[in-house]
1. Of Arg27, Arg48, which has the most accessible area with a 1.4 Å probe, and how do the rest follow in descending order?
2. Tell me the label-point distance for the pair Trp65, Lys10, using the 7 Å Cα-to-Cβ offset, in nm and rounded to one decimal.
3. Counting pairwise Cα distances across the chain, what percent come out greater than 21 angstrom?
4. Using a cut-off of under 15 Å, list every residue of region 47-64 whose amide N is near the label point 7 Å from the Cα of Lys90 along the Cα-to-beta-carbon line.
5. Can you give the accessible area of Phe72, probe radius 1.4 Å, in Å² rounded to 10?
6. Can you give the local net charge around Gly42? Use residues other than it whose beta-carbon is closer than 12 angstrom to its beta-carbon, Lys and Arg +1, Asp and Glu -1.
7. By a straight-distance test (C-alpha under 19 Å), which aspartates and glutamates pair with Lys3 as possible cross-link partners, with residues fewer than eight away in the same chain excluded?
8. How much accessible surface area, in Å² rounded to 10, belongs to the heavy atoms of Val59 with a 1.4 Å probe?
Amino acid sequence: MRKEYKHLAKKMSHGQQMVFDNEFELRCRQPSLGVVYALLLGWFGFHRFWLDDRKGGLVFLIFSWTLLPALFSIFDALCMRELCTGYNNKLAKQLYDDIQQLSPY
């Protein structure tokens, strides 16, 4: 389990921790990959869709014929660590809630 989410492990059984770890590692976002997506496909908002920001991705896609999405995607590439951290925190909370809700213990 990542150190950022150790506080959640205290509230889970060993089996729940294993499920959390597996699901989180499959679904978490890596900032380095996000930077690549933002720089190569950011003009069309792909990196926003990848971060599950459908509204932001749609705005990028609608304005893709202008230069603005390209400029904003460079800014997003610079801020990708924070964007991925926000996504991963939301994912961890969702996974924790789902595991607690489904677990019989």
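1. Values: Arg27 85, Arg48 50 Å².
Accessible-area ranking of Arg27, Arg48, largest first: Arg27, Arg48.
2. Calculated label separation equals 5.6 nm.
3. The proportion of pairs with Cα distances above 21 Å equals 43 percent.
4. Flagged as within label range: 47-59.
5. Probe radius 1.4 Å; accessible area of Phe72 about 110 Å².
6. Neighbour charge sum, excluding Gly42 itself: 0.
7. Excluding near neighbours in sequence, the set is Asp21, Glu23, Glu25, Glu82, Asp97.
8. 80
The values are calculated or read from the model by the stated rules, or taken from the named source; none is laboratory data. Here the structure is a predicted model, which means the values were calculated and not measured. Note that each Cβ is placed from the backbone with ideal geometry, even for glycine, and that neighbours are counted across all protein chains shown. SASA here: full protein model, heavy atoms, side chains in, ligands and nucleic acids out. Shrake-Rupley method; radii C 1.70, N 1.55, O 1.52, S 1.80 Å.
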